[in-house]
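*Asks:* The structure's right below; bear with me while I get my questions together.
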Amino acid sequence: MGVRWLGRQCSVVLYEFATPADENPDVIGWAPGAGSVLIECKLSRFDFLKDATKTFRKNPRAGMGHRRYYLCPAELIQVKDLPAKWGLLWASKGQIIVMREARGHSARNFSAEIHFLSSMLRRAQIRIGSRPLSEWLRGENQLEAKRGIPPTRPRALDKANSL
């Protein structure tokens, strides 16, 4: 659900990837002109409380995401429980309800975001083989253009589908 919701706002959305970075967001996306948006999915109150003990939660400057949200089943987390500037999304009956919009974290860990993106690009490079990633991307776009197909964003499901 988080991937679909964020996909309506962001041109690039990545989810559930473990990287060597300290923070591995459940869902993160980048919106043109609006920066990065992070979603942390919580299925239990214990998981939410445990999340607050992480270094990058205690120090918001060390965390990823200009705008940050928690996504949980309805009523699991309350607005009063949120850290400063965090937004809250409730999942209910296949829909996402915005309980509070996230406010921007102007000081965030750009380096971690770039490291995360680099890791994803390396994985893409491995999957396509010895051909350079930029060449492969240009080739795919040219093929689609010849066939008259407009470029599209791939859609995927995330772990929060069970919400």
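*Asks:* Place a label point 7 angstrom from the Cα of Ser11 along the Cα-to-Cβ direction, then list the residues of segment 27-42 whose backbone nitrogen is under 18 Å away.
*Replies:* The answer is 28-38.
*Asks:* Additional query: Would you kindly give the portion of the calculated P(r) for segment 1-57 that falls above 19 Å, as a percent of all Cα pairs?
*Replies:* 35 percent
*Asks:* Right, another one. What is the percent carbon and sulfur in the accessible area of segment 57-128, measuring with a 1.4 Å probe over the protein chains and ignoring ligands?
*Replies:* 54 percent
*Asks:* Measure off 7 Å from each Cα along the Cα-to-Cβ vector at Ile114 and Gln78, then give the distance between these two points in nanometres to one decimal.
*Replies:* 4.2 nm
*Asks:* Could you give the accessible area per residue of segment 28-102, probe 1.4 Å, as a whole number in Å²?
*Replies:* Heavy-atom SASA per residue in segment 28-102 reads 49 Å².
*Asks:* Next question, about the same structure. Restrict the search to segment 5-78; then list the trypsin sites (Lys or Arg not before Pro) that DSSP places in a loop and that have at most 12 other Cβ atoms within 10 Å of their Cβ.
*Replies:* Filter output for segment 5-78: Arg8.
The values are calculated or read from the model by the stated rules, or taken from the named source; none is laboratory data. These numbers were taken from a predicted model, which means no experiment stands behind them. Please note: Cβ atoms are built from the backbone with ideal geometry, for glycine as well, and neighbour counts cover all protein chains shown. These area figures cover heavy atoms from the full protein model, side chains too; ligands, DNA and RNA do not enter into them. Shrake-Rupley method; radii C 1.70, N 1.55, O 1.52, S 1.80 Å.
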